[in-house]
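Worksheet: the structure to be examined is printed underneath.
The values are calculated or read from the model by the stated rules, or taken from the named source; none is laboratory data. The structure presented is a predicted model; accordingly, all values stated were derived computationally and were not measured. Neighbour counts run over all protein chains shown; Cβ positions are idealised from the backbone, glycine included.
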Amino acid sequence: MTVNVGVIGVGLIGQDHIRRLTTVLSGAAVVAVTDVNAEQAASVAAGVKGAPAGGVKVHGTGQELILDPNVDAVVVCSWGPTHEEYVLAAIAANKPVFCEKPLATTQVACERIITAEVELGRKIVQVGYMRRYDPAYQAMKQVITSGEIGAPLMFHSTHRNPSVPGHYTREMAITDTAVHDIDTARWLLDDEIISAQVVKPRKNSLGGDLEDPLFILLTTASGAVVDIETSVNIRYGYDIRGEIVAEQGTVELAETTAVQIRRGNALTSRVPEDWRERFLRAYDIEFQEWVDALAAGQGVVDGAATSWDGYAAAVVSDAAVQALHDGTVVPVALIEQPALYR
């Protein structure tokens, strides 16, 4: 069975997912696209590899694309504030939807999505937290789940970018950057976060007026502690690190480089340039498993980030932003988890 996919938003990540679905993976066809930039949507549609007979349909709106009877499933890659509208429309149409983070830009909006999905009675919303599919993170998860190092006590997570664009704000270090570490922490530890605190180290002079780096401290319901470092002007590359300290041992991400070079009295290895290079394989695995699940009649891959996970990440992020602003330890208050997500 071929899953016919419609893509809402054909910017950088939307185009990358179209490339992935049409040239890398199996079992999917991109049959429709839309974007606020109609000219760009038409250009992207014309360049889709293996397009169906008659070409890729260009819709004027996301709503039109979702209601297209030829579209089996929807990928949302548009601007964050539009996510709620499109995810709710997909739920109303009973069509599986893969939504790039954030699920929505407010807690209330996330709650509306959860309510709609619960009323539908099945999980059809998957949120794009790709680290869950990274082979290194999956290996860490397997070690923790096996119990061979005992109960996890601490998770050290590092998220470094060489630079960020001019519109990047200090809040985005949490809501756009550290939110990946937040989801990863909840997934690795299988635990909810109950409080957030933010420490501001000495500022990096390369970051201009930006508050950078940040050190975020989270506590979980079981008492484990998570620390997240965000450094987004560190210049040398895109560097993701992680270590679980447990009762009887530790497990950490290994270096991602395939080789080390000895030359000119120096030992060097490659640091990824950006998130696309570091998590290329994770994105491929994530989407292939999603397509396979849809072909098998599932709406969400087992272990994938659900609407609940998107909501929880938003609540923790909001608490951390408040902690950044007022310097206090901020409690994280989640609504009662519906049975659908347990």
**Study point:** Sole residue being under 16 Å from residue 318 (Cα atoms) and assigned by TED's automatic domain parsing to the domain that holds residue 238, chosen from 146, 205, 195
**Key:** 195
Exercise for review: Out of the residues in segment 75-120 that are touching an Asp or Glu at 6+ places or on another chain (Cβ under 6 Å) and closer than 16 Å to residue 312 by Cα, state the one that is surrounded by the fewest Cβ atoms within 10 Å (Cβ to Cβ).
Suggested key: 109
Check your understanding: How many residues, within segment 224-270, are more than 21 Å from residue 182 (Cα to Cα) and either touching a Phe, Trp or Tyr at 6+ places or on another chain (Cβ under 6 Å) or among the aromatic types (Phe, Trp, Tyr) (or both)?
Key -> 1
Practice item. Identify, by number, the condition in (1) in contact (Cβ under 8 Å) with a residue 24 or more places away in the chain; (2) over 30 Å from residue 247 (Cα atoms); (3) not in a helix (DSSP H, G or I) that residue 69 doesn't meet. Key: (1)
**Study point:** Cβ pairs under 8 Å, 6+ apart, first in segment 284-299 and modelled with pLDDT under 95, second not in a loop (DSSP other than H, G, I, E, B)
**Key:** 299/125; 299/126; 299/293
Exercise for review: Could you tell me which of the residues 268, 306 is hydroxyl-bearing (Ser, Thr, Tyr), out of contact with any Pro (no Cβ under 6 Å at 6 or more places or on another chain) and without any contact (Cβ under 8 Å) to a residue 12 or more places away in the chain?
Suggested key: 268
Revision key, fill the gap. Going through segment 135-157 in order, the residues found to be of a type in the set (Ser, Thr, Tyr) and within 20 Å of residue 257 (Cβ to Cβ) are 137, 157
Revision key, fill the gap. Filtering strands (runs of 3 or more DSSP E) wholly in segment 241-342 for at least 2 residues that are assigned by TED's automatic domain parsing to the domain that holds residue 169 and surrounded by 14 or more Cβ atoms within 10 Å (Cβ to Cβ) gives 250-252
Check your understanding: When both residues are 6+ apart or on different chains and their Cβ atoms are under 9 Å apart, which pairs have a first residue that lies in segment 146-166 and is free of Cβ contacts under 8 Å to residues at least 24 places away in the same chain, and a second that is surrounded by fewer than 14 Cβ atoms within 10 Å (Cβ to Cβ)?
Key -> 166/208
**Study point:** Restricting segment 211-228 to residues that are of a type outside the set (Gly, Ala, Ser) and surrounded by 19 or more Cβ atoms within 10 Å (Cβ to Cβ), the residue that is farthest from residue 165 (Cα to Cα)
**Key:** 220
